[in-house]
1. Consider all pairwise Cα distances in region A:182-321 and report the whole-number % of them above 17 Å.
2. What accessible area per residue, rounded to a whole number of Å², is obtained for region A:504-624 using a probe radius of 1.4 Å?
3. Which whole-number value in Å³ per residue fits the convex hull of the alpha carbons of region B:94-233?
4. According to the Kirkwood expression over distinct Cα-Cα pairs, how big is the hydrodynamic radius of region A:312-355, in Å?
5. Based on alpha-carbon positions alone, could you give the equivalent ellipsoid semi-axes of chain A from the gyration tensor, as √(5λ), descending, whole Å?
6. Over both sides of the B-A contact, add up the buried accessible area with a 1.4 Å probe and give it to the nearest 100 Å².
7. Pick out, from A:118, A:337, B:133, the residue whose Cα sits farthest towards the positive end of the charge dipole of the protein assembly as shown, with +1 on the Cβ of Lys and Arg and -1 on the Cβ of Asp and Glu.
8. Tell me, in nm to one decimal, what length is gained between residue A:801 and residue A:634 on full extension, where the rule is 0.36 nm per residue of separation less the Cα-Cα distance?
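The values are calculated or read from the model by the stated rules, or taken from the named source; none is laboratory data. These numbers come from a predicted model, not from an experiment. Cβ atoms come from the backbone with ideal geometry, glycine included; neighbour counts cover every protein chain shown. Calculation scope for accessible area: heavy atoms of the full protein, side chains included, ligands and nucleic acids excluded. Shrake-Rupley method; radii C 1.70, N 1.55, O 1.52, S 1.80 Å.
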Amino acid sequence: MPLSYISQSSGLREDRQQNEDIVEPKKRKSSSGSNTCNSKRPKEDSPSSAAGMTDNSLDAQRKTALGPQNNGFNRNSSHIAHTKGGSVKKLVIKNLKEKPTLPANYQQDTWEKLKDAVNAIHTQRSINASLEELYQAVENLCSHKMSAQLYVQLKAVCEDHIRSKANQFLEEYLHREQFLKLMNSCWQVHCGQMTMIRSIFLFLDRTFVLQTSSVTSLWDMGLDLFRMNIVSNPVVQTRTIGGLLHLIERERNGEAVDRQLLKSLLRMLCDLQIYKEAFEVQFLEATDRLYGAEGQRLMQEREVPEYIAHVDKRLNEESERLLHYLDQSTRKPLIFCVEKQLIEQHLHALLQKGLDMMLEQNRVDDLALLYQLLSRVRDGLKELYVAFASYIKKTGRIFVINNDNDPEKDKDMVQQLLDFKDKIDNIIAVCFNKNEKFINVMKESFENFINQRQNKPAEVIAKYVDSKLRAGNKESTEEELERLLDKIMVLFRFIHGKDVFEAFYKKDLAKRLLVGKSASVDAEKSMLSKLKQECGGGFTSKLEGMFKDMELSKDIMLAFKQHVANTKSPDNIELMVNVLTMGYWPTYTPMEVNLPEEMIKYQEIFSKFYHAKHSGRKLQWQPNLGHCVLKAEFDAGRKELQVSLFQALCLLMFNDSNEFSLEEIREATKVEITELVRTMQSLACGKARVLHKSPKGKDVETGDRFIFNNEFRHKLFRIKINQIQMKETQEENLNTTERVFQDRQYQVDAAIVRIMKMRKTLTHNQLIAELFDQLKFPVKSTDLKKRIESLIDRDYMARDKETSNQYHYIA
Amino acid sequence: MPPRKKRSSTAENEVDKPKKRLCSKKSADSSFSVKRCTTWFKTYCSAENDGSIGPDGMEKFCKDLGVEPENIVMLVLAYRMEAKHMGYFTLNEWLKGMTYLQCDSIEKLNRKFDVLNASLSDSVTFRNVYRFAFEFSLENGIRSLDKTTAIELMNLLLDGRWSLSKEFMQFLEQSKFKGMNKDQWYNVYEFSHHILPDLSNYDEDGAWPVLLDEFVEWHRQRSNKTSETGVDC
């Protein structure tokens, strides 16, 4: 054991560590007198106690264990033991005859030597004695219980030195940066010196200081002295902090500064433990001021995108500052301060001034940045989505509201809405991180603005779908159409008055089906299934019925053709009939007209045929839905004219004569006059003029005469002559809307009775609330009230006799 | 004993003697006789109305009482009788009402008029009379009052009791409403009772019938207009 111990104790550093390890256990175990202590004890302590473990030696041991001296002796004595052990085989330790005494002025001399060394370090001279020697001197002094005095002496020397340094900082002439540099170099030197001093006095530091709680370690002592004598001086401190702040401000203003200097000085403040009180508080105040002013100024001067770019830059700079020289503990308050002054303070102004414009111009990058910045501050995102919602509402309203009912504007509404939706979706996905809240807010806002105008949006969406599903719409492929329909369904979802949509959609669908203008059965079916998915089977049952009718009609026509082929047909006219179930289809006002005999005959044949198959059904002919293909002989050759039934009736008259008056035609066909006027207009004033009108003119008036146009020319063989329909659509439009409203009344009545039946007694407000809940279309509470009153009047319910706002159900 | 005596005397002269009795035998006079009451009834009824008092009898009755048929007292009287139809009293109704009032002669009834009138100031009674008036005034088989009847009736009942009654009737006159149903009629009273004359505590979202909503709107527009023109002047 001892041998190995000696060989290890040669190096200064290692030695220290070893000692440390050993001192600790001794401290604890020596009192119990354990073996580990004993084995080392003999070589290291005074001769008297070396032989045995007597009682009084225990005392001594305890003392030595507490004192730092044993280390120094340990090494020396063991060396002696080693040399002796080399010559004799058996190691015998004898008591020393005499206690070795120190020279009389040993302490004084040693201290002088050490003091010289310290002074040399302070004055940056080379030290005369070797470091090992000095170290041993310290060790010896400590071993002889002179540690306390040594510590005091050392401290006094250091303090003197530092005091002498302090004055230079009070000099007035020093420039800010010079001052900082001076401070920095002084600090660096101080650190270097203290390291050196500590190395020499390490033994003191590791024993006496560690064991005496009232003194600080040498390093801390150095820091204390430095702090008390230099930095704590108010003038010095103010200058230091002021200089630092000035430097940082210059950097913030874009100048390049000595970051190393800053870092070092801030480290100094940290080490001196005055970073927080002395620096951070003032620093944050300065930051607050700076950015407060900057925020105010730039909000005035700059556009929002520039501003937020600047804020972003600032935030990055500050993070960099944290990375490079500020203490990490400053991160939170600093970033918070910047966020507060540059973002939170201007939250409203930012959104008010910039958001609409950025959304308008679709500035995706700026918006993403804005989102990212606002998400940093409290309530930022909330404000953002509120503003976002109001933008959507505001912009959407412009598309939807049309006070003059200008049809041109309404025509574009759906396309505008679709584009707008795309844009907003894109912004949410790209800029707003697909934030759930924003998606919800977007939906709410769309729903809000679309329903600001009653019925019309539903109507135009229905018409838009019609325009896409109608034949001749070749602009999109099937997939594109499918995607478009999906998008339209999204808009449709927002609409409260789904019944209005259904009514118009049905009307258009009827037209498509009857005139055979539907572009693709697949697309129709797909739209239908989408509607079904959205609103349930009840919503689409009628529409499905229409498709079924069309298919059944096809079968019927096949059978009918065979039937006609079997029985001799009167002429070579073809008849195609669609049998429509009442109720599925929009209601058409029946019209009585005079049909040519051949047609009537044919109708009868069909009626007979149909009734034979389905007895008991009533067939009602709808002449205004019919259309015909006529063969016509002109001078220029044969043409086929594709016309409506009314047009056909008028044209067929010209088989008998070349000229008729309006009244004559009216008399013969019995077509209703406004209808007839429009029909004649289409034949004589439209694009393909198969008739001449006299006198000439755009409008048909009573007394006008029509002459067959023999010179009619057209490059096509089969010509379609369009009905003029403008006025009719407006009328139809009104009818459709009215019918929807009527339907709604019944629904309201039913809902009221349903609710009252369940609840028996309800207050007015509760009932209204439940109704709003149940009814799927928008209603005003006045309308509900009217229905309630009507039900009271009809004794379905009664008002409470005493409290007039309470209702009772009457069974 | 006294009743018999009285019966004979009242049967003989209804008009002449009561004054004396009023002074002399107050306590005896105040007692009520069903028979006397029935006899009294008989003086007004006619055969053509199945033993009820018909329009002619009613006219005479009013004349004897010295009140106009349109007097509100008659309505209160009818209410006390729980009469079904305007212009007709059946014997049952007559007895019910007169028993309640403890009247078996025209003088007694005359004396009760003050009481009857006074009873209208009690809001519960008034409300009952008001509600009664609706059914009472309905024509057979029709569920609502036509506009003219409604206005007359309202004038009779609410004039002087509701500061807005004139305006309301004016409104009703020019409105598109053809008449008033029971609910509307009932609620007009509640309205007059609860809503301040300046309409400040009117809640549009309350349960008020649309008729009253529109009245309020009409009234507000009108008062706005008048205040504006007032400023212009």
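1. On the way: 6587 of 9730 pairs.
The proportion of pairs with Cα distances above 17 Å equals 68 percent.
2. Details: 7210 Å² over 121 residues.
Value for region A:504-624: 60 Å² per residue.
3. On the way: hull volume 20.7 nm³, N = 140.
Roughly 148 Å³ of hull volume per residue.
4. Details: mean 1/r = 0.0887 Å⁻¹.
In region A:312-355 this quantity evaluates to 11.3 Å.
5. On the way: eigenvalues 2381, 207, 151 Å².
Listed largest to smallest, the semi-axes of chain A are 109, 32, 28 Å.
6. On the way: alone 13450 and 44560 Å², together 56680 Å².
What B and A bury together is about 1300 Å².
7. A:118
8. Details: separation 167, 0.36 × 167 = 60.12 nm, distance 8.18 nm.
Gain on stretching residue A:801 to residue A:634: 51.9 nm.
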